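Notes follow the structure.
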Amino acid sequence: MSEPWLFWPLLALLGALLAMDENSLAQTWLSQPLPACTLAGLLAGDPVSGMLLGFMLQLVVVGNLPVGASFELDSVSAALGITTGAILAGWRLDTLSSAVGPVGENGLAAARLGWLIVMVSAASLIGGRLVKLERGLRLGWMLDGYRSVRDGDLRRLEGLHRRSLLVTGLRGAVLTMLWALAIGLLWDLGPGYLPATVTKALGLVPLLVPALAVGTLVDRFGLRQAWPLVAGLAVGMLVLIKVMG
Amino acid sequence: MKTDVPTSSDQVTAVKLPGPVARQVFRRSLILQASWNDQRMQNLGLLATLAPLLRHLDLDRNQLRQTCRRYYGFFNTNPYLASFVIGGLLRLENDMASGTAVPERMVTGFRDTLARACGSLGDQLFWLGLRPAVMLAACGMAVFWNWQAGLVPVVLFALGQLHFRRRGINLGFSLGPEVVDVISRPLWHRAIAWARRAALALTGILAGFYFAGLLDQVPTLGPGPVIGCLVVGMGLPALVRQKASGESQLLLSLIFALGLALLF
């Protein structure tokens, strides 16, 4: 981005808007990992790397049902912050196929991608603790709003509702910045610095993620009406085999 | 009390929310879940959404107190279909303010019944059907075309759902309690079935690409890690059975990845 002074406020704004979009505001799905990471990459100057990491993260969360309090996670801030931080630290990925392989450049690229996926997953679970805390705050405010049942003051209720939305935005902005800074600081401690076995295991993560997504979706939908799955499977294999010659 | 809004005794085609009230209610319906809490879920959000009409109706203090009491209990539904419930409730509130005899039990019964139905339908249609389908389509377009193409399905969904929610409020208000008939149409179940089929087909395509890609990796990686990744990845979700989030499953699979790295 040409104006560096504008970068951090824009990142905070994006973090706030997408954190609100996840559950509180409109739920447009722009806060899903694929579009969120693409937007973060665009802001940091490399939308392709952002999109590729977003693709992997989208497969990780594809089975998460955001119904009620089923999961307390914060995947948006984690995905946004870590994508931005990694790109700022110099991480680049042109294609997914360049991040598969046991050794050499491909192996290291795979391990870096795996490391980022693991970092985002861990950050999402940590951020979930703040989400839980925020829900506790909202419960307190809702009980406070009970006074309006006695005096009929609508403005108090509207104020409490707005406050809840602002706190979600604030959490998103702060956590996004925090994860971006943290990954920038931790970047040099990633693959290459870690023991060879751990680096190799991280390199297997990009291979594990699609299998997890397929397993999760098959588990969600069941196999009672499997014909669309089988048809899609045949089409997918034929297309890719044809493309690869 | 002001009642320039038509009542249910008027022609259905003539029943519309006043423009500024409709716009405010629509904007607020988008943040229905902002104050979601573990105890009463969307209750505060529902009251904040109804507030523009309550203010427009110029209710006295006692009526406002009663309205707040009516809606301060438990309320939870799917956010995309909530607009039908909101529209219907606005109509009932409007009718009550204009002097039509609407029993309070009817209002709460309508709210609870429709919220449950919309919650169930909406969760199946949007979360279990459309979301995986739209996001898998976006993933495919982004990886095999370009990153801009990956945003197209998401933007189309975003615009479509905004239009759908706006229409839901207007329809709910014009039909009042009769909006239940709209929600009970078989069309919804057909839409759910098709969305799930689309999601399954796209899952199949993803699996096809994955298996073909894995076959390509056998000569370089060796069969051990490839088969190991396949077994762990496909087997883990069946073991944890929807109890663990994707992130937790990923971190759990890291243990198996370490085992594979040590073995091969």
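Projecting each Cα onto the charge dipole of the protein assembly as shown (Lys/Arg +1, Asp/Glu -1 at the beta carbon, about the Cα centre), which of A:F55, A:L80, B:S184 comes out farthest on the positive side?
Result: B:S184.
Starting from one equal scatterer on each C-alpha and no solvent at all, send me the Debye-based log10 I(q)/I(0) for segment A:164-223 at q = 0.24 Å⁻¹, two decimals.
Values returned for q = 0.24 Å⁻¹ are -0.88.
Can you compute the equivalent ellipsoid semi-axes for the protein assembly as shown, i.e. the square root of 5 times each eigenvalue of the Cα gyration tensor, sorted largest first and rounded to whole Å?
Ellipsoid semi-axes (Å, largest first): 46, 25, 18.
What shape does segment A:1-100 take by its C-alpha gyration tensor, where a ≥ b ≥ c are the square roots of the eigenvalues and a/c under 1.5 counts as rounded, a/b above b/c as prolate, and the rest as oblate?
It is oblate, given that a/c is not under 1.5 and a/b is not larger than b/c.
When only DSSP loop residues count, what chymotrypsin sites (Phe, Trp or Tyr not before Pro) in segment A:143-205 have their Cβ near at most 16 other Cβ atoms within 10 Å?
A:Y146, A:Y193
For A:T38, B:T108, what ranking results if the residue with the fewest other Cβ atoms within 10 Å of its Cβ goes first? Working shown, then result.
Numbers: A:T38 28, B:T108 15.
The most exposed by this proxy come first: B:T108, A:T38.
Using all alpha carbons of chain B, what is the percent of pairwise distances in each 10 Å bin, ordered from the shortest bin to the longest?
6, 23, 26, 18, 13, 9, 4, 1
Does segment B:203-263 come out rounded, prolate or oblate, given a ≥ b ≥ c as the square roots of the eigenvalues of its C-alpha gyration tensor, rounded meaning a/c under 1.5 and, failing that, prolate meaning a/b above b/c?
oblate
Rounded, prolate or oblate: which fits segment A:89-238 when a ≥ b ≥ c are the square roots of the eigenvalues of the alpha-carbon gyration tensor, with rounded for a/c under 1.5 and prolate only if a/b beats b/c? List each step's numbers first, then the result.
Values: a/c = 3.55, a/b = 1.63, b/c = 2.17.
Taking the square roots of the gyration eigenvalues as a ≥ b ≥ c, segment A:89-238 is oblate.
What residue among B:L239, B:L121, B:L92 has the largest mean-square fluctuation in a Gaussian network model of chain B, using Cα springs under 10 Å?
Of B:L239, B:L121, B:L92, the Gaussian network model singles out B:L239 as fluctuating most.
With a sphere of radius 15 Å drawn around the Cβ of B:V180, what net charge do the other residues whose Cβ falls strictly inside it have (Lys, Arg +1; Asp, Glu -1)?
My count for the surroundings of B:V180 gives +1.
Give me B:F84, A:F7 ranked fewest to most by other Cβ atoms within 10 Å of their Cβ, as a rough exposure proxy.
By the 10 Å Cβ count, ascending: A:F7, B:F84.
Name the most mobile residue of B:S35, B:S98, B:S248, meaning the one with the largest mean-square fluctuation, in a Gaussian network model of chain B with Cα contacts below 10 Å.
B:S248
Between B:Q33, B:Q217, B:Q124, which gets the highest mean-square fluctuation from a Gaussian network model of chain B, Cα cutoff 10 Å?
Answer for the Gaussian network model of chain B: B:Q217.
We did not get these values from a lab; they are worked out from the coordinates using the rules stated. Note that this is a predicted model, so its numbers are computed, not measured. Please note: Cβ atoms are built from the backbone with ideal geometry, for glycine as well, and neighbour counts cover all protein chains shown.
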